[in-house]
Amino acid sequence: MSSRHAILTAALAVALCVAGCGGGNEPGQPAIIDQDQIEALVKERAEAGNGTVRIVTCPEDVEAVKDDTITCDFYFEGGVAGYADVRVTSADGDLSLDPKDLTFSVTD
């Protein structure tokens, strides 16, 4: 294979990967919020003075739509559970979770 052919092949492979390998959202499409980012925020806020959170579950592949609410469940060691209403504050996927948006309940 000639070096020119190898360079063209490599350039084509890179272009195809960028187009189809998840190189980001298409222009004009909402950003997707990382599930781990949402769960980390819920865990941090729920634990503040309340003990250790064992599990946080939030939805996957959430689109960043300003003023939308994402509801996540959380479970503490010792039988306390709850949910959090996380607010999307921008189309870039910025999040807000006010302590008043955490609801706790005791489970058996």
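Below are the figures for this structure:
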read-out: Derived scalar couplings ³J(HN,Hα) [region 28-35; Karplus, 6.51 cos²θ - 1.76 cosθ + 1.60; whole Hz; x for Gly, Pro]; value: x, 8, x, 5, 9, 7, 5, 4
read-out: Derived scalar couplings ³J(HN,Hα) [region 66-78; Karplus, 6.51 cos²θ - 1.76 cosθ + 1.60; whole Hz; x for Gly, Pro]; value: 3, 6, 6, 10, 10, 9, 10, 9, 9, 9, 8, 5, x
read-out: Rounded, prolate or oblate (a/c below 1.5 giving rounded, otherwise prolate when a/b exceeds b/c) for region 31-106 by Cα gyration tensor; value: prolate
read-out: Nonlocal amide H pairs with S90, under 5 Å, H built at 1.01 Å; value: D67
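Just so you know, all these numbers are worked out from the coordinates, no wet-lab data involved. In this text the structure is predicted, and so the values were computed from the model without any measurement.
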